[in-house]
Amino acid sequence: MLLAGFGAFPGAPRNPAERLVTSFRLTEGEVGRDPARIVLPVEWGRSWGVLAAEIRRIRPVAVLLVGLNARSERFRIERAAYNERAPALADTAGARPPGTRIGEGPARLATRLPDAAIGRALSAAGIGFELSDDPGRYLCNETLYHLCREGPGLGLRHFGFVHTPLTDEIAAETGATPGEGQAFVPARDLDRLVRIVLACLGEEAGHSEADPRHGREILCGTISEATCSEGEPPSR
C-alpha cells in the first residue's frame, strides 16, 4: 500500500495532507505493516512522475492520494478525474500548465475504491464525509487522472483520492479563520479517516495476504471486523 500526500502550494503554506503522510504509522493493535509514504510536489507535469516512479519502485497493490481543499466543509471521497487543467492556476514553482488538457485519454476516468464499504465504515465511525465527482482542475486532478489512466498497467488493484478541509491543528498554527462555506476538521479525524480507508482496502485485498510480486504483507490495519465488511486553490 502506498499513501501519498501533496505538499504546500500557493495559498496553503502548510498542507494537512503532508503532515498526515509524514507522521502516519500503524498503532498497536492494528494488523499488518505500515504503508509506504511519499509527499508529492505540487508542480505541473512533475507530481505524477514522482508518484509513478515510487509505484514502480515499491510495486504496491493500492494507492491512496490525500490533498487539501480548504474551501470544503467536510472530507470528500473523490470518485473521478478529468482530462482538464485550470490554465490560470500557478504551481509552487510559479509555472502554469502548458495546456488545458492533460493528454491523450477519455474526458473522465473513475477511481477504484470500495466506496460503499468506505461509506458505511466512515458513517459508523461518526466521521462526516461526502462522495464527490469534482476534484477541481488543479494538480490533484491532474495527478489523479494519470493514476486512473496508468494505474491498472502498473499493477494497481485500487486507487483513489481523499480531499480534506483544513485541520484545526494547522488553522491554530497559522491563525486561519473559516470563511463562508469552510470548516476546520479535527486532525485526529483525518487520521481516523485514512486508517479506515486503508483498512477497507486491506479488506478488499484480503487481510495479511502476501503480494506474490514481492512476497510481503500488503497492508494495513483492521479497525474492527465490522468496520469495513461488505453486508480550486486552495485545493490540493
Among the numbered conditions (1) at pLDDT below 95; (2) of a type in the set (D, E, K, R); (3) farther than 30 Å from P13 by Cβ, tell me where R157 comes up short.
(1)
Tell me the strands (runs of 3 or more DSSP E) entirely within the stretch 6-98 that contain at least 1 residues that are touching a Gly at 6+ places or on another chain (Cβ under 8 Å) and modelled with pLDDT of 95 or more.
36-40, 62-68, 75-78
So in the stretch 63-95, with the set limited to residues that are of a type in the set (K, R) and over 15 Å from T143 (Cα atoms), which one is surrounded by the most Cβ atoms within 10 Å (Cβ to Cβ)?
R76
Where the second residue is modelled with pLDDT of 95 or more and crowded, with 22+ Cβ neighbours inside 10 Å and the first is β-branched (V, I, T) and lies in the stretch 1-22, which pairs have Cβ atoms under 6 Å and are six or more apart or on separate chains?
V21/L3; V21/G5
Scan the stretch 207-221 and tell me whether some residue there is at pLDDT 75 or above, crowded, with 16+ Cβ neighbours inside 10 Å and within 19 Å of the chain's Cα centre (by Cα).
no
Is it the case that the stretch 37-50 has a residue that's exposed (fewer than 15 other Cβ atoms within 10 Å of the Cβ) and among the hydrophobic types (A, V, I, L, M, F, W, C)?
no
Top-ranked residue of the stretch 175-192 - restricted to ones that are of a type outside the set (A, V, I, L, M, F, W, C) and under 23 Å from the mean Cα position of the chain (by Cα), ranked as nearest to R37 (Cα to Cα)
D191
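The values are calculated or read from the model by the stated rules, or taken from the named source; none is laboratory data. As the structure is a computational prediction, the values presented were derived from the model and not from experiment. Note that we place each Cβ from the backbone using ideal geometry, even for glycine, and neighbour counts take in every protein chain shown.
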